[in-house]
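Structure record follows, encoded as structure tokens.
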Amino acid sequence: MLTLGGTIAMTPGTESGAVVPKLAAADLLRAIPELAEVNVDLTTHDFRRLPSPDIGFGVMAELATVIEREIAAGADGIVVTQGTDTIEETSYFLDRTIGGDTPIVMTGAMRHPTQASPDGPANLLSAIRVAADPNARGLGCVVVMSDEIHAARYVRKSHSTSTNAFTSPNAAPIGHIVENEFVLLSRPRPCPPLPRGTRTTSIGMVHAALGDDGSWLRPFAEHTDGLVIAGFGGGHVPSRLVPLLHELADAKPVVLASRTGSGPVLRRTYGYPGSEQDLLSRGLINAGFLDPFKARVLLHVLVAAGAGREEITRAFQDSGEIQVS
Ligand SMILES: NC(=O)C[C@H](N)C(=O)O
């Protein structure tokens, strides 16, 4: 069990009583005496105490290395606790860069430990149960929240405060915790792991918005090694952005996703300037069902490893399909 911080580990730490991440793994485990009923030999590692908006790719690469070391040393399952704000991205990073069958289970909390009915203890207990369950082998990285198990490739934080904040809009939870047991509903198709490169990258993300003239896009794009465009609907932008996106797509990878929150980028429906067909014909790469945030994680991983255009296009083709069996 590795801890990264987040609300699950927060207690009042400022004069106003606002919470900050301070608790260690031992504190989190003290809140779940029921763990005694689970047949598991747990070792803990206090890795970071961060609010999750402060987690970056450097921290995640380090975490992935530690996880691989633990697996090589014989761990049957890994649990990571962290803040929920970025768990949809960090889980996908681990999912895509760590190979093998060992379950990697991430969890957090929406209500901090000093609130009434904090959800962290139940989430952590469920996460440990899933990580220890042989049925979880080969699922890749999963996120366990509120008695639901979500595949990293689909999970979204869909509400800012609800304890039921996590959904898989393009699929469904792949399992549930029922009467303390892990019930598996579907198995995401395994994705071969991608190498974790060491290049520093800056991947920008831009959301299409009503009436945007895009005047700021050129100076913004200059500072990036790649871009994700979260287009309207099935992958559309205002026509006046097209010449610049074409120029950018000639110079660096530009991935087209949808800002809607679910559903794929289209391929061949609309033909007007700024439509998905127009943009794809100008070299933008189709993110398929990957939402813009996961598309950005994938593009980071590929660019950090020095992947070329063909490799990037192929990786998005493979990753953008719905992969539940
Ligand atoms: N519920 C949470 O964990 C939110 C917190 N701001 C974090 O992501 O660190």
Across all directions of projection, what mean area in square nanometres is found for the Cα convex hull of segment 135-193? 4.3 nm²
Under a point-charge model restricted to the Cβ atoms of Lys and Arg (+1) and Asp and Glu (-1), what is the dipole moment magnitude of the chain relative to its Cα centre, in debye to the nearest 20? 700 debye
Where a label projected 7 Å from the Cα of T65 along Cα→Cβ would reach, residues of segment 281-304 with amide N under 14 Å: none
Size of the dipole of segment 2-184 about the Cα centre, Lys and Arg at +1 and Asp and Glu at -1 on the beta carbon, nothing else charged, in debye to 20? 360 debye
Considering only DSSP states other than H, G, I, E and B, which trypsin sites (Lys or Arg not before Pro) in segment 129-229 qualify as loop sites with at most 16 other Cβ atoms within 10 Å? R137, R199
Please go through segment 258-306 and write out the trypsin sites (Lys or Arg not before Pro) that DSSP classes as loop and that have at most 14 other C-beta atoms within 10 Å. R267, R268
Need one word for the chain: rounded, prolate or oblate. Basis is the Cα gyration tensor (sqrt eigenvalues a ≥ b ≥ c); a/c below 1.5 gives rounded, then a/b vs b/c decides. prolate
Residues meeting the amide H criterion for N286 (H placed from the backbone, H to H distance under 5 Å, 5 or more places apart or on another chain) are L256
³J(HN,Hα) across segment 240-257 via Karplus (A = 6.51, B = -1.76, C = 1.60, θ = phi - 60°), whole Hz, x for Gly/Pro? 5, 7, 4, x, 5, 5, 4, 4, 5, 5, 6, 9, 7, x, 10, 9, 9, 10
Under 10 Å, Cα contacts only: if you run a Gaussian network model on the chain, which one of M145, M106, M205 comes out with the highest mean-square fluctuation? M205
3J(HN,Hα) from dihedral phi, segment 179-187, Karplus parametrisation 6.51/-1.76/1.60, rounded to Hz, x for glycine, proline: 6, 6, 10, 7, 10, 8, 9, 8, 10
Sorted by chain and then number, the residues having a modelled amide H within less than 5 Å of the amide H of M110, at least 5 places away or on another chain, are D119, G120
For the chain, set up a GNM with springs between Cα atoms under 10 Å and report which of T260, T11, T161 has the largest fluctuation. T161
Per-residue ³J(HN,Hα) for segment 91-99, Karplus 6.51 cos²θ - 1.76 cosθ + 1.60, θ = phi - 60°, Hz, x for Gly and Pro: 5, 5, 4, 5, 4, 8, 10, 10, x
Just check segment 2-184 against the gyration tensor rule for me: Cα atoms, a ≥ b ≥ c as the square roots of the eigenvalues, rounded for a/c under 1.5, and otherwise prolate or oblate depending on whether a/b exceeds b/c. rounded
Between the modelled labels at D76 and E34 (7 Å from Cα along Cα→Cβ) the distance in nm is 2.0 nm
For segment 157-218, what class follows from the C-alpha gyration tensor (a ≥ b ≥ c being the square roots of its eigenvalues): rounded when a/c is under 1.5, otherwise prolate if a/b is larger than b/c, else oblate? oblate
For A24 and T11, calculate 0.36 nm times their separation in residues minus their Cα-Cα distance, and state this gained length in nm to one decimal. 3.6 nm
Name the long-range amide H neighbours of E148: under 5 Å, sequence gap of 5 or more, or other chain; modelled H, no Pro or chain starts. I177
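Values in this text are rule-based calculations from the coordinates and carry no lab data. Given the structure is predicted, the values throughout are model-derived calculations rather than measurements. Neighbour counts run over all protein chains shown; Cβ positions are idealised from the backbone, glycine included.
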